[in-house]
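> Before anything else, here's the structure in question.
The values are calculated or read from the model by the stated rules, or taken from the named source; none is laboratory data. Remember, it's a predicted structure, so these values are computed and weren't measured experimentally. No Cβ is skipped: glycine too gets one built from the backbone with ideal geometry, and neighbour counts run over all protein chains shown. What goes into the accessible areas is simple: the full protein's heavy atoms, side chains included, and nothing from ligands, DNA or RNA. Shrake-Rupley method; radii C 1.70, N 1.55, O 1.52, S 1.80 Å.
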Amino acid sequence: MTTTHILGFPRIGAQRELKQALEAYWRGEQDAGALEACGRMLRARHWALQRAALDYVTVGDFSFYDHVLDLSLALDVVPARCRREDDLVTYFTMARGRAPGAEPAAACEMTKWFDTNYHYIVPEFEAGQRFRLRAPRIFQEVEEARALGHPVKAVLPGPLTYLWLGKAMTPALDRLQLLDELLPVYGELLDGLAARGVEWVQVDEPILVLDLPPAWCQAFEAAYHRLQSRRVKLLLATYFGGLEDHLELACRLPVAGLHLDLVRAPEQLAPALDRLPPYKVLSLGVVDGRNVWRTPLDAVLERLAPVRERLGERLWLAPSCSLLHVPVDLTLETELDGEIREWLAFAVQKLEELALLKRALDEGPAVVSEALAAARDAWARRRRSPRLYRLSVRGRLEAVSEDWARRASPYAQRRAKQRARLDLPLLPTTTIGSFPQTAEIRAVRRRHRSGELSEAEYRARIRAEIETAIRRQEALGLDVLVHGEAERSDMVEYFGERLEGFAFTRHGWVQSYGSRCVKPPILYGDVERPAPMTVDWFRYAQSLTEKPVKGMLTGPVTLLNWSFVRDDQPRAATCLQLALALRDEVRDLEAAGAAVIQIDEAALREGLPLRRRHWQAYLEWAVQAFRVAACAVRDETQIHTHMCYSEFNDIIEAIAAMDADVVTIESARSRMNLLEAFRDFEYPNEIGPGVYDIHSPNVPSVDEIEALLRRALACIPAERLWVNPDCGLKTRAWPEVEAALANMVAAARRLRAELQGRAA
C-alpha cells in the first residue's frame, strides 16, 4: 500500500485562533495556561483532519512562534540576554524582545525562510557554544497525539540546516565546527522520540537544494552516519527545489527514506529512482505546498503509476513542502466567486487530494473515477476560461521598450533637483508608510464592507484618521510624512482589490511570523488598472500639511511574490503586467503633486532563486519591472523603495540597478550589520537603515538610536543617510510608536547638530 503523509500543517487555525490566543497572552489578558490550551485544541483538530485522510499525522510542526526557535530552545541555544527562569518567557523574549512579567531584551534576528514570506528566528551561536536538551515540547506533543490514538511521524529541522540558518555571534566562528557538539544532543532528541513510540522522524534538510560549500556536503555523510544508530527511522526531507548535484549524496546517506519536491523540480524523479538503494522509502511531493491551485491529478497518476510498480510499498506521497504556506480550508470561502473557487485547493483539500491519489494507485482509478473526472473538468475549465486573458494587456506588453525602464537623468543630476524641491535637513526623518491599525480603523473597514457604513461615511472616517496621522507626525517633527494607510487592510491585498485579474478570500490567512498573518490575493489572470488606486487619499493628506507626503505603493515584484500567482505563464510576464499598472499610478500621483513616491519592494530578495546560476535571469526581469513602474516621473520627483529582512550582499548590484533615489532597509535587529554590503559596494544613492525594530514592542531610547546611526555613518556619508524605522508600524500601538518616533527624531536632531557644528 502507498503511504501518505504531510511535511507540516498550518498552525494558526482556520479562524486564526492561535493569533488571538497569542496576542491575548502578550497583553496579559490570558495566562500561559489558556495559551497552552489553545495549542492543544489546534493540534488535536489538525491531527484529526490528517488522520481522516492520511496514514500518518505529523507531530512537531506546531509552534507558538517559529519551529526554528522551538529547536533553539530545545537545544538550549539561548542568548544570555534572553535567558529567563520560565521557558515560555524565555521563548517570547527571544522572539519579540518581551514576554509578560519579564524584563525586555533585544530580540533575536528574524529573516526569511528560504524563498518564502515566512520568517524564522535566527539561532545565535557563540564561541564555546554548548548544547543540551531543555524539555523539548515535541515530547509532550508526541504523547498528546499517541494518547489520541494517532499513528505519529515526528518532524524536526535537520542538524545541518539548523547550523546553516544560524548566525555566528563571535568573529571567525565557523558554524560547521559546532556539529560535533550538536550531534550527541540531537541524538538524545531522537532517542527521546523513540522512547515515546515514534518509529519515523522526518528530518528537514532543505539546504540540500542550495549551492553548498564542499565542507558542508562532506559533513552530511559524517553527521548521518553518526545518527543512523538511533532507534528511529529517518526520513530526510528536501523541498523548495531540486537536489541537482546533491542528489547522489542524498540518496546514499544512511537514512531510511528520502523526500523530494516534484512540484518545483519534477526532473529529479528519474535520476533519483536510478540511485535510490533498494531498502529506502521514496516520498514524492506531488501536491503543491506553496500555491492554491488544484493538482492535475490525471497527470500525477500517469507519472506515478510506473513508480508504484517499481517501488511498491516503498512509495510515499506528500505535498511538495509543509502546508504552512497555504490557507487552511477552502470550504470557509462561501463568498468567493464560484468559477474561481473550483480551481483551488487549500490545506484541507490538499489532504483530500493525497487520499484520492492513494486510492487510485492502490485500488485502481475506477474506484475514484467520479472524483478524478470532477478534478479533470475543473482543470480544463480553468485553462479555457476567458477571464484569464485581456487583449489590451497583451498589446501593451508588446509595446514596452528599454526607454520605459530608464529615468531621464542619472541620480547625481536628479539629486540636485530633488534637494532644491524638497529642502530637507541633513539626516531627514520619515517612516515607512503605515501607522497603527487600531480596532476602530478595522471596524470602520468591516462596517463599510458589510454595508453598514455608506461610502460617504466611510470616506469621512478614513479622512479623519489621515488627519490624525498627519497632525501626529507634524507634532513629532518628522520631515517627510505619510498618510498612514488607514484604508488598507494589507499592502498587497489593497492593490489587488483595485486591479483586474485578482480574486480575494475572507479566511485565506497564512502565517508570516509569530501572530502576524497575511491573506495573499489570488492572481489568476491578466492584470490591468481600471482607475487610480491611491491618488485621492494622497491628495487629501498633502492638502493638510506644507511638508512633503509620500505617495505609497507596493512594488510589482512584491505584489507578485506575496500573492498566489497563476501558473500558466512565466512569472516574469505577470510581473511586467503589474509594473505597467503601477506605472500608471505613479504618473497619476506625480500629476497630483507628489514630490516623493515610495514603491515598496519588500520581497525582492525573497524571490531570488535558491541556486545561484538562476539569479541573473530573475534579477534582470525583477529590476526591469521595478524600473518600468518607477521611471515615468520627472527628475524632481524622488522615488523611494523599501526592502525587508534580507542578506543584501547577495543582490547589492541589483539594488543599485533599480536606481531608486532612496532605499530604506530593515537593519535594527542586526544592529546595522546589513549595511556592510552598502559600504563595501559603495552604494551610490541614498539609504535609510532602520533604527527602530518594529517587530518588538520595546521602545528604543535616544541613546540606542543614536548609537545605531553612528554605526550607519561608518558606512554611509551623512548627506546620503535617512533616519526611519525598520518597517511599517501597522502592528504596533500608538503609545509605543509615538515614544519611539519621538526618540528617533531626537536622536537625528542631536546627531545633525553635531555634524553641522563640525562642518562650521
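> Check off (1) open to solvent by 10 Å² or more (accessible area, probe 1.4 Å); (2) under 22 Å from Glu402 (Cβ atoms) for Glu585 and give me the number that stays unchecked.
(1)
A quick yes/no check of all residues on (1) on the phi < 0 side of the Ramachandran plot; (2) buried (at least 16 other Cβ atoms within 10 Å of the Cβ):
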position	(1), (2)
Pro157	yes, yes
Leu163	yes, yes
Gly166	yes, yes
Met169	yes, no
Ala172	no, no
Arg175	yes, yes
Pro184	yes, no
Leu190	yes, yes
Glu199	yes, no
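> Could you list, in sequence order, all residues of the stretch 223-259 that are over 20 Å from Gly285 (Cβ atoms), at pLDDT 95 or above and either surrounded by fewer than 17 Cβ atoms within 10 Å (Cβ to Cβ) or not small (Gly, Ala, Ser) (or both)?
Of everything in the stretch 223-259, those that are over 20 Å from Gly285 (Cβ atoms), at pLDDT 95 or above and either surrounded by fewer than 17 Cβ atoms within 10 Å (Cβ to Cβ) or not small (Gly, Ala, Ser) (or both) turn out to be Tyr224, His225, Arg226, Leu227, Val232, Arg252, Pro254.
> Identify all residues within the stretch 406-431 that are aliphatic (A, V, I, L, M), more than 17 Å from Ala630 (Cβ to Cβ) and assigned to a loop (DSSP other than H, G, I, E, B); write none if there are none.
Matches in the stretch 406-431: Leu424, Leu426, Leu427.
> Now a separate question. So is Ala660 of a type in the set (A, V, I, L, M, F, W, C), in a loop (DSSP other than H, G, I, E, B), closer than 21 Å to Ile597 by Cα and under 28 Å from the mean Cα position of the chain (by Cα) or not?
When the stated conditions are applied, Ala660 passes them.
Table: residues versus (1) within 18 Å of Arg750 (Cα to Cα); (2) in a loop (DSSP other than H, G, I, E, B); (3) open to solvent by less than 10 Å² (accessible area, probe 1.4 Å).
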{"residue": "Asp693", "(1), (2), (3)": "no, yes, no"}
{"residue": "Ser696", "(1), (2), (3)": "no, yes, yes"}
{"residue": "Pro700", "(1), (2), (3)": "yes, yes, no"}
{"residue": "Ala707", "(1), (2), (3)": "yes, no, no"}
{"residue": "Ala712", "(1), (2), (3)": "yes, no, yes"}
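> I'm told Trp621 meets every condition in (1) open to solvent by less than 10 Å² (accessible area, probe 1.4 Å); (2) of a type in the set (A, V, I, L, M, F, W, C); (3) modelled with pLDDT of 95 or more; (4) not in a loop (DSSP other than H, G, I, E, B) except one. Can you identify the failing condition by its number?
For Trp621, the exception is condition (1).
> Would you list the strands (runs of 3 or more DSSP E) that sit entirely within the stretch 444-528 and hold 3 or more residues that are buried (at least 18 other Cβ atoms within 10 Å of the Cβ)?
Hits in the stretch 444-528: 500-503, 510-513, 522-528.
> Related question: Looking at Gln577, is it crowded, with 21+ Cβ neighbours inside 10 Å and in a helix (DSSP H, G or I)? Quick ask: steps written out before the conclusion?
Values: crowded, with 21+ Cβ neighbours inside 10 Å: yes; in a helix (DSSP H, G or I): yes.
Against the criterion (crowded, with 21+ Cβ neighbours inside 10 Å and in a helix (DSSP H, G or I)), Gln577 qualifies.
> Going by the structure shown, is Asp635 touching a residue at least 12 places away in the same chain (Cβ under 8 Å), surrounded by fewer than 22 Cβ atoms within 10 Å (Cβ to Cβ) and within 18 Å of the chain's Cα centre (by Cα)?
Taking the combined requirement at face value, the residue does not satisfy it.
> So which residues in the stretch 275-312 are open to solvent by less than 50 Å² (accessible area, probe 1.4 Å) and among the aromatic types (Phe, Trp, Tyr), if there are any at all?
Trp293
> Can you tell me which residue among Val393, Val328 is among the β-branched types (Val, Ile, Thr) and in a helix (DSSP H, G or I)?
So the residue among Val393, Val328 that is among the β-branched types (Val, Ile, Thr) and in a helix (DSSP H, G or I) is Val393.
> Suppose we keep only residues that are within 23 Å of the chain's Cα centre (by Cα) and either at pLDDT below 95 or aliphatic (A, V, I, L, M) (or both) within the stretch 533-561. Which one would you say is farthest from Pro521 (Cα to Cα)? Let's see the steps before the verdict.
If we filter the stretch 533-561 for residues that are within 23 Å of the chain's Cα centre (by Cα), which is where we start, we get 552-561.
Of the ones still in play, those that are also either at pLDDT below 95 or aliphatic (A, V, I, L, M) (or both) are 552-553, 557, 559-560.
Details: Met552: 19, Leu553: 16, Val557: 14, Leu559: 9, Leu560: 10 Å.
Looking at residues that are within 23 Å of the chain's Cα centre (by Cα) and either at pLDDT below 95 or aliphatic (A, V, I, L, M) (or both), I get Met552.
> Say we look at the stretch 716-757 and pick out the residues that are touching a Ser or Thr at 6+ places or on another chain (Cβ under 8 Å) and in a helix (DSSP H, G or I); which of these is surrounded by the fewest Cβ atoms within 10 Å (Cβ to Cβ)?
Going through the qualifying residues, I end up with Trp734.
> Among the residues of the stretch 635-657 satisfying the criterion of being of a type in the set (A, V, I, L, M, F, W, C) and outside any helix (DSSP H, G or I), which is nearest to Pro697 (Cα to Cα)?
Cys644
> Something else: Among the numbered criteria (1) free of Cβ contacts under 8 Å to residues at least 60 places away in the same chain; (2) of a type outside the set (Phe, Trp, Tyr); (3) open to solvent by 30 Å² or more (accessible area, probe 1.4 Å), which single criterion is violated by Met672?
Among (1) free of Cβ contacts under 8 Å to residues at least 60 places away in the same chain; (2) of a type outside the set (Phe, Trp, Tyr); (3) open to solvent by 30 Å² or more (accessible area, probe 1.4 Å), Met672 violates only (3).
> Ok, one more. For Leu133, only one of the following conditions fails: (1) part of a helix (DSSP H, G or I); (2) hydrophobic (A, V, I, L, M, F, W, C); (3) open to solvent by 20 Å² or more (accessible area, probe 1.4 Å). What is its number?
(1)
> Can you go through Leu54, Leu69 and tell me which one is in contact with a Leu (Cβ under 8 Å, 6 or more places away or on another chain) and either over 23 Å from Ser696 (Cβ atoms) or open to solvent by less than 20 Å² (accessible area, probe 1.4 Å) (or both)?
On inspection, the qualifying residue turns out to be Leu54.
> While we're here: Looking at the stretch 1-89, what helices (runs of 4 or more DSSP H) fall wholly within it and have at least 2 residues that are small (Gly, Ala, Ser) and over 30 Å from Glu205 (Cβ atoms)?
On the way: elements: 17-26, 32-53, 67-74.
Where helices (runs of 4 or more DSSP H) fall fully within the stretch 1-89 and carry at least 2 residues being small (Gly, Ala, Ser) and over 30 Å from Glu205 (Cβ atoms), they are 17-26, 32-53.
> List, please: which pairs have Cβ atoms under 7 Å, are six or more places apart or on different chains, and start with a residue in the stretch 104-123 that is closer than 21 Å to Pro697 by Cα and end with one that is assigned to a strand (DSSP E or B) and small (Gly, Ala, Ser)?
Tyr118/Ser512; His119/Ser512
> Taking the stretch 1-31 as the search range and keeping residues that are without any contact (Cβ under 8 Å) to a residue 24 or more places away in the chain and of a type in the set (Asp, Glu), which one is surrounded by the most Cβ atoms within 10 Å (Cβ to Cβ)?
Only one residue tops the list, namely Asp31.
> Please find, within the stretch 535-574, the residue that is surrounded by the fewest Cβ atoms within 10 Å (Cβ to Cβ) out of those that are outside any helix (DSSP H, G or I) and of a type in the set (Val, Ile, Thr). First the steps, then the outcome.
Step one: of the stretch 535-574, the residues outside any helix (DSSP H, G or I) are 544-555, 562-570.
Next, only the ones that are of a type in the set (Val, Ile, Thr) stay: 545, 549, 554, 565.
Details: Thr545: 14, Val549: 27, Thr554: 26, Val565: 22.
Applying the filter and picking the extreme gives Thr545.
> Shifting gears a bit: Listed residues Ala747, Ala656; which is among the small types (Gly, Ala, Ser) and farther than 25 Å from Leu481 by Cβ?
Answer to the selection: Ala656.
> Okay, moving on. When Glu85 is evaluated against the numbered criteria (1) at pLDDT 95 or above; (2) farther than 30 Å from Gln349 by Cβ, which criterion, by number, is the only one it fails?
That leaves (1) as the condition not met.
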